[in-house]
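For reference, the structure is listed below as structure tokens.
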2 protein chains.
Amino acid sequence: MSRTNPSTRPRFDSLQQEVFLNLWRTYDRLKQIEDEVFGQEGISAQQYNALRLLQTVHPDSMQTLELGRRLISRAPDITRLLDRLEQLGLLERERRSDNRRVVQVRIVSAGVELLERIHVAVQDSHQRQLGHMSESSLNQLARLLRHARRPHEDLNHPSLLDE
Amino acid sequence: MSRTNPSTRPRFDSLQQEVFLNLWRTYDRLKQIEDEVFGQEGISAQQYNALRLLQTVHPDSMQTLELGRRLISRAPDITRLLDRLEQLGLLERERRSDNRRVVQVRIVSAGVELLERIHVAVQDSHQRQLGHMSESSLNQLARLLRHARRPHEDLNHPSLLDE
DNA sequence: TCTTGTTACTTGTTTTAACAACTATTGTCT
DNA sequence: AGACAATAGTTGTTAAAACAAGTAACAAGA
């Protein structure tokens, strides 16, 4: 509880709590902005993220849990997330014959087209979210965020966000 | 798209996107840590937050939508959030006689006791989340997070996080 | 080859979240 | 006073998240 000057922060129990609450609120506010874009296409940010990952390996496929691990946000419900995208005709799944436990997931043309269709709107939303910050502030913020979560990342399965 | 050196970030469409994804992932990882604490008491972080706000005015009450506006994360479903806390016997609600549209919410003793009971565990979780960062890094991070969301805050209804 | 264990999902169930539509009250304008 | 708008919640409905338990397929050792 290294508070050198309590009078400046009377409403938090600790500096760590203050930072976490700021993180939570900032995420919530910024998320709302990009959710407007995804809402218009009828998908969620998490679903978009899954499609993006599949696009990086297209026309190859990726196995279900591997995809789940690489998502920005953890997804214990990866099966049904993919169910919905499959029902929308955005991807296809196939059980692998050499190991029938594994299900391979592949984005299909309608999925690629959706990504292309909303690409500009997504970029616009990121500008609206953070376009008011300088490049150096953004780099600094990214660095601090990575530092904040580093001890909590699974080193065996780093996300594409980790350096 | 002020990317001076694209080769260092080949996997993002923009610096703004990179920062937002880092924010999302960091929030997700840190949230998981404190959710363990709340899970043991059977409440959510958002519910805990509502109780905390009510505690700040205890033994006075606060009206429903005012409480909803002050939550860290927006809560369009504030009615049912309060329903659950009321069913747990942690708060009480009363329709105001001088304006029967308004419902006043007040934390009751069981709610205060719950907050006292888990206070230490919550503080511990914040230490586990961010205890590895220096005080100056934490202050810098808090400052950048406030800067990031400033244009998106409702100036008419600032949260207690805003300076 | 027959357990026993591990892996890779699936399913069931319960909470939450999000959005829209709806009700009850009060305020305002004529 | 009556009409109309605005306020403060509530309810209905659907989608998504979280957690636990269950199933099928493969792996490894006795």
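Any read-out appearing in this document is the output of simple, stated calculations on the displayed coordinates, not a laboratory observation. No experiment lies behind these values; they were computed from the predicted model shown. So basically every Cβ, Gly included, is an ideal-geometry build from the backbone, and we count neighbours across all protein chains shown.
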Among residues of the stretch A:79-123 being in contact (Cβ under 8 Å) with a residue 40 or more places away in the chain, away from DNA strand D (no atom under 16 Å from the Cβ) and not aliphatic (A, V, I, L, M), the residue farthest from A:Gly39 (Cα to Cα) is A:Arg106
Quick count over the stretch A:128-138, residues being surrounded by 15 or more Cβ atoms within 10 Å (Cβ to Cβ) and outside any loop (DSSP other than H, G, I, E, B), is 5
Cβ pairs under 9 Å, 6+ apart or interchain, first in the stretch B:124-141 and farther than 13 Å from A:Leu145 by Cα, second among the basic types (Lys, Arg), ordered by first then second residue, are B:Glu135/A:Arg3
Quick check: is even one residue across the stretch B:142-161 more than 12 Å from chain A (Cβ to nearest Cβ) and of a type in the set (D, E, K, R)? no
Taking the stretch A:91-127 and the residues there that are away from chain B (no Cβ under 14 Å) and part of a helix (DSSP H, G or I), the one that is farthest from B:Glu153 (Cα to Cα) would be A:Ser109
In the stretch A:22-74, anything more than 10 Å from DNA strand C (Cβ to nearest atom) and not in a helix (DSSP H, G or I) is listed as A:Gly42, A:Ile43, A:His58, A:Pro59, A:Asp60, A:Ser61, A:Leu71, A:Ile72, A:Ser73, A:Arg74
